[in-house]
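Working notes, beginning with the structure itself.
The values are calculated or read from the model by the stated rules, or taken from the named source; none is laboratory data. Nothing here was measured: the structure is a model prediction, and the numbers come from that model. Positions of Cβ are backbone-derived with ideal geometry, glycine not excepted, and every protein chain shown enters the neighbour counts. For the accessible areas, the whole protein counts, side chains as well, though only heavy atoms, and no ligand, DNA or RNA atoms are used. Shrake-Rupley method; radii C 1.70, N 1.55, O 1.52, S 1.80 Å.
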Amino acid sequence: MVTETENPQTGEPRSTSSKAPTAQAGGSASSYPQPARNDQRAQTENEAQSLYAKHKKLYVRSTSGTFQKWRWFFVFLTQAIFYGLPWLDWNGRQAVLFHLVERKFYLFGWVFWPQDVFFLAIILILSAYALFFFTTIAGRLWCGYTCPQTVHTEIFMWFEERIEGDHIKRRKLDQAPWNAEKVLRRGAKYLIWILFSLWTGFTLVMYFTPRQELLAELATLSFGPWEWFWIFFYAGFTYLLAGVLREQVCKYMCPYARFQGVMFDPDTLIITYDEERGEPRGPRKKGVDPRSIGKGDCIDCGICVQVCPTGIDIRNGLQYECIGCAACIDACNEVMDKMGYPRGLIRYSTENAMLHHWSREQAWRRVLRPRVLVYGVLLALFTGILFYKIATRPDVRVDVLRDRAALSRELPGGWIENVHTLRLMNMAERPRQYTISVSGIPGMKLEGPKTVAMPAAATESIVVSVQVPAQAVKPGRYDIMFEIGVADEPENVSREHATFLVTE
């Protein structure tokens, strides 16, 4: 007997038969067993073919619920930050600007220079420990709620659904012949995707080129070659990853999906299917007590698969393709409500909680376990170090470079001279008057500028001559100290060691 059911992954009808086939495709219909070597060859061929799965387009079904609201909250939050920051001003300039030409990074009231690469190292360490910390607690929260791939895919799918309709209409539109309606809908969708991608690329470049310059260039389309390149490069990848590849990025390209397993433990909150409660699954009428017909709470509707952005069946257990978006939880809870069953057939839980039948409170108590505490302490420690170093970093800096063309030379009048180049940095966003002095050898004097007017957030290189009486020194190496002070801030002094050489 042949029956038709719905494929939960695609929603298309599929046929199933109660009779086993008499032969494999391409094989013999005879009931006699084939030689063992043929069986081994067929098994080998099937194993080789199973390594290559043909991609099937997913028509993701939209859902609603608590977790879906959280997902959209983070979509709005992350995109408001990304698209909004370049338009904010601070101290008469762009609030967030990574000015590569000037080699200065502006972040609200802070100005970072290439010498501040230490802070970048701390930020990378913080990012790693934050990833470990949140993944150990609740799995792939980053992937499901704030990853740019997930967020942009959600936006592209929202555009698609508004133009082409729900998952059923989109499938029918794909299967329909080309006509005026299909051309208009597809054209409108692709146009909006392209415009959104170009605006995304333009926004990215705005982080590295001052906004006013970029807008003036936009008016005449006179971008520089690198600006053209990065606008189209980032726009192209936004379109490709969020509009075309989608779940394939999470399944085949993202490295996080591969090493997430080593960060999970039996007390990590993950999306789980309660097999004891749900099995055996099967359809039934609304209001029927599943125990009275020997079934579990799962009605095998397949909606949990249809709403999954990567197309997996969570009822088969945790899989590396699961991005932790919890769309299946919202979908299943909605079905349970309609059937009059308790929510939570699919829910956030832990391996130990499912094994030992713990309550939600018991499972949450295991969150503060040693591994999480270690990650949390390290995260707090490095966060404290970062903000302490930023708060206490000097805003007056100087680099001293010796003139290597002439190590030292004798001057008329019995003086020995060393020439140094001072690279002064004013890290404050206000003009200052710098004073320069040197100490370390009795009788030494400084020839060159004694005061320098420094613009706001600027650098200046000056050449000075350090002179010492010949009778006060012998051939050798002497330590000296340059002191750079601020005229109206006597407590703000930067000191830099240097050497004074006396040759024979």
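Side notes on the structure shown:
- Cα-based Rg of region 438-504 normalised by 2.2 N^0.38 Å, two decimals: 1.29
- Spacing of the two label points (7 Å from each Cα toward its C-beta) at residue 128 and residue 371, in nm: 1.8
- Per the Kirkwood formula applied to alpha carbons, region 437-476 shows a radius of gyration over Rh ratio, Rg over Rh, of 1.12.
- For q = 0.11, 0.18, 0.19 Å⁻¹, Debye-computed log10 I/I(0) when each Cα of region 93-236 counts as one equal scatterer: -0.68, -1.14, -1.18
- In the chain, the alpha-carbon atoms span a convex hull of 279 Å³ per residue.
- Pairwise centroid distance, computed over Cα atoms, of region 428-504 with region 191-266, Å: 47
- Binning the alpha carbon pair distances of region 164-213 at 5 angstrom intervals from zero yields the distribution 4, 18, 18, 15, 11, 9, 8, 8, 7, 2, expressed in whole percent.
- Annotation: amide H of residue 269 within the under-5 Å range of 138, 139, sequence separation 5 or more or interchain, hydrogens built in the peptide plane.
- Accessible area of residue 158 (1.4 Å probe, protein heavy atoms only, ligands and nucleic acids ignored): about 100 Å².
- Helical runs assigned H by DSSP (4 residues or longer) give the chain a calculated mean residue ellipticity at 222 nm of -12000 deg cm²/dmol, each run adding -39500 (n - 2.57) before division by the residue total.
- Expressed as a whole percent, the accessible area of the chain that falls on carbon and sulfur atoms is 61 (1.4 Å probe).
- Scalar couplings 3J(HN,Hα) for region 69-75, obtained by applying the Karplus form with A = 6.51, B = -1.76, C = 1.60 to θ = phi - 60°, are 5, 5, 4, 5, 4, 6, 4 Hz; x denotes Gly and Pro.
- Region 276-419 - convex hull of the alpha-carbon atoms, volume per residue in Å³: 233
- Overall, the anisotropy analysis places region 258-301 in the prolate class: the square-rooted eigenvalues a ≥ b ≥ c of its C-alpha gyration tensor yield a/c not less than 1.5, with a/b exceeding b/c.
- All C-alpha pair distances within region 121-181, sorted into 5 Å bins from zero, spread as 4, 15, 14, 15, 13, 10, 8, 8, 6, 5, 3, 0 percent across the bins.
- Average 1/r across all pairs of distinct alpha carbons in region 260-346, invert it, and you get the Kirkwood radius: 13.6 Å.
- Cβ-based net charge around residue 169, under 12 Å, with every Lys or Arg adding one and every Asp or Glu removing one: +1
- Whole-Hz ³J(HN,Hα) from phi, Karplus 6.51 cos²θ - 1.76 cosθ + 1.60, for region 111-117, glycine and proline x: 10, 10, 10, x, 5, 8, 4
- Less than 5 angstrom separates the built amide H of residue 95 from those of 88, 89, 90, all sequence-distant by 5 or more or on a different chain.
- Rg/Rh (Cα only; Kirkwood hydrodynamic radius) as it applies to region 159-297: 1.18
- Region 371-504 - convex hull of alpha carbons, volume per residue in Å³: 156
- Amide H to amide H, with H built 1.01 Å from N, residue 486 comes under 5 Å of 435, 492, counting only residues 5 or more places away or on other chains.
- Here the spin labels are modelled as points 7 Å beyond Cα on the Cα-Cβ line, and at residue 229 and residue 286 they lie 6.1 nm apart.
- Length available on full extension from residue 493 to residue 451: 0.36 nm per residue minus the Cα-Cα distance, which gives 13.8 nm.
- Cα pair distances of region 335-427 binned at 5 Å [whole percent]: 2, 9, 9, 8, 8, 7, 6, 6, 6, 5, 5, 5, 5, 4, 4, 3, 3, 2, 1, 1, 0
- Placing a label point 7 Å from the Cα of residue 113 along the Cα-to-Cβ direction, the residues of region 437-476 whose backbone N falls under 11 Å from that point are 457-461.
- Region 159-165 - phi-based ³J(HN,Hα) in whole Hz, Karplus 6.51/-1.76/1.60, Gly and Pro as x: 4, 4, 5, 5, 8, 9, x
- With a simple spin-label model that places each label point 7 Å from the Cα along the Cα-to-Cβ direction, the separation between residue 465 and residue 100 comes to 4.2 nm.
- In region 249-345, the trypsin sites (Lys or Arg not before Pro) that fall in loop regions by DSSP, at most 12 other Cβ within 10 Å: 285, 286
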